[in-house]
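We did not get these values from a lab; they are worked out from the coordinates using the rules stated. Quantities reported herein were computed from a predicted structural model and do not represent experimental measurements. Every residue, glycine among them, receives a Cβ derived from its backbone with ideal geometry; neighbour counts consider all protein chains shown.
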Amino acid sequence: MTNSRIVVTGIGASSPIGGTAPDSWSALLEGVSGARTLEYDWVEKYQLPVTFAAEAKVRPDTVLDRPIAKRLDPSSQFALVAAKEAWADAGSPEVDPERLGVDFATGIGGLHTLLDGWDTLREKGPRRVMPMTVPMLMPNAAAGNLSLHFGARAYARTVASACASSTESIVNAVEHLRAGLADVVIAGGTESVIHPVTIAAFSSMQALSKRNDDPATASRPGSIDRDGFVMGEGAAVLILETEEHARARGAKIYAAVVGGGVTADSYHITANDPDGLGAARAVRMALEMADASPDDVTHINAHATSTPVGDPNEYQALRAVFGARVDEIPVSATKASTGHLLGGTGALEAIFTILALRDRVAPPTINISTPDPEVPFRLTGAPVPLGDGDQLAISNSFGFGGHNAVAAFASV
């Protein structure tokens, strides 16, 4: 294990508010919402109680070559689009294939391929099920295909810890780089599960907002009238390197990933620990790895899904770490704009956190109609300047199964 500093040299994203990372960031600063009414026959056919979601702004099969897209589930398509952008942004680093790794994540995997295969089997019989069905639906498909595309032979690992997945993949990448397993790692996450089954299931759990008449304002974290999250889709990718490797090749550096914490609640399969013990411990672990104190943190990108229970629990967890100062730290709840990308959300929010440090501005949180006194974060509907000097930010992700993952980033 080395003490090498790990830096971010490339970013890429395909999100509900932009087809690239820069476009997504610009839209976020402008307060754009990615939530829209779904225009599919199955919405009416199944009489779904929720008729909207935050679909990706740019379909990945319109970006990739058709033969490649046909062999990939949409989740892997998104992953490849974002990874190609990030790789180019990093300057297409020349690296020994055996020193290039992939740490990638998804919450669910190739859901469309799985359910389309089931429909084909029922309607047309087993001979019509595609031979590539299993390689397309498996949760490690995105990591495997990225490894194939970029020739990454150090390793290709997959995290599947629900909505904490891609933040955990970033933390894993830092640990793997520090352990000397690679010089460069492609890290991030993807999800594409906007489907009648998932909408029906999350609706049955009372987890989704039902503001069918006004999708753009449905995700409202920190607002007293929030009623659930908005399902999103897309992917985000970070190129991570040891600082020595990045500087040796003259790469631009966005930020440093200085800490990470991963814990488990062991409380409930879908509910957060109401005392926030596991989440608070993950934050403390990230700060300890960063050799920082709570007083050093200048910005927080909150998990903040806009659920009635989840938002107050996160506030309590952060208050346990930061005390009353948590009410003074600029906090962004970016799911208000993007919806919730499940396994891809942590990586997308990591990119937003990195760009916040670069541009020294905390992005706005839209749709706060009436602030909830139980969630008194410093959330604003306008960008907030972060000021001069060194900046340290954390990005939180929490998932079903009691998973907690926190990454800490420092300005450079």
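Below are the figures for this structure:
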quantity: Interchain or long-range residues, amide H under 5 Å from residue 105's placed H; calculated: 159, 188, 189, 190
quantity: Gaussian network model of the chain, springs between alpha carbon atoms under 10 Å - residue of 80, 64, 355 with greatest fluctuation; calculated: 64
quantity: Anchor residue 124: lysines whose Cα lies under 20 Å away (excluding residues fewer than 8 positions away in-chain); calculated: 70
quantity: Cut-off under 5 Å, modelled amide H: who pairs with residue 46 long-range; calculated: none
quantity: Percentage relative contact order, the chain, counting C-alpha pairs under 8 Å, at least six apart; calculated: 24 percent
quantity: Radius 15 Å from Cβ of residue 248, net charge of other residues (Lys, Arg +1; Asp, Glu -1); calculated: -1
quantity: Difference of contour (0.36 nm per residue) and Cα-Cα distance, residue 99 to residue 268; calculated: 56.9 nm
quantity: 16 Å Cα-Cα reach of residue 84 towards aspartates and glutamates, excluding residues that sit fewer than 8 places from it in its own chain; calculated: 23, 61, 65, 94, 103
quantity: Lys/Arg +1, Asp/Glu -1 at C-beta; region 135-250 dipole; positive extreme among 203, 140, 223; calculated: 140
quantity: Volume per residue of the C-alpha convex hull in the chain, rounded to whole Å³; calculated: 127 Å³
quantity: Separation between Cα centres of region 25-39 and region 323-361, rounded to whole Å; calculated: 15 Å
quantity: Isotropically averaged projected area of region 6-248, using the convex hull of Cα atoms (one quarter of hull area), nm²; calculated: 14.4 nm²
quantity: Antiparallel %, DSSP beta bridges [both residues in the chain], to 5; calculated: 65 percent
quantity: Mean separation of Cα contacts under 8 Å (6+ apart) over length of region 156-207, as relative contact order %; calculated: 28 percent
quantity: Spin-label pair residue 39/residue 214, simplified geometry with 7 Å Cα→Cβ offset, distance in nm; calculated: 2.3 nm
quantity: For region 6-248: relative contact order, % (alpha-carbon pairs under 8 angstrom, 6 or more apart); calculated: 32 percent
quantity: Descending semi-axes in Å of region 221-324, equivalent ellipsoid built from Cα gyration tensor; calculated: 30, 19, 13
quantity: Net charge of neighbours whose Cβ lies under 9 Å from the Cβ of residue 258, counting Lys and Arg as +1 and Asp and Glu as -1; calculated: 0
quantity: GNM top mover of 23, 103, 41 - the chain, alpha-carbon springs below 10 Å; calculated: 41
quantity: Cut-off under 5 Å, modelled amide H: who pairs with residue 362 long-range; calculated: 384, 386
quantity: Mean Cβ count within 10 Å, highest first, over the residues of peptides 130-139, 12-21, 220-229; calculated: 12-21, 220-229, 130-139
quantity: Euclidean distance between Cα centres, region 365-399 to region 113-177, Å; calculated: 33 Å
quantity: Unit charges on C-beta of K, R, D, E only; dipole of region 259-410, Debye; calculated: 260 debye
quantity: Label-point separation, residue 328 to residue 92 (7 Å along Cα→Cβ), nm; calculated: 4.9 nm
quantity: Gain in span if fully extended, residue 119 to residue 134, counting 0.36 nm per residue against the direct Cα distance; calculated: 3.9 nm
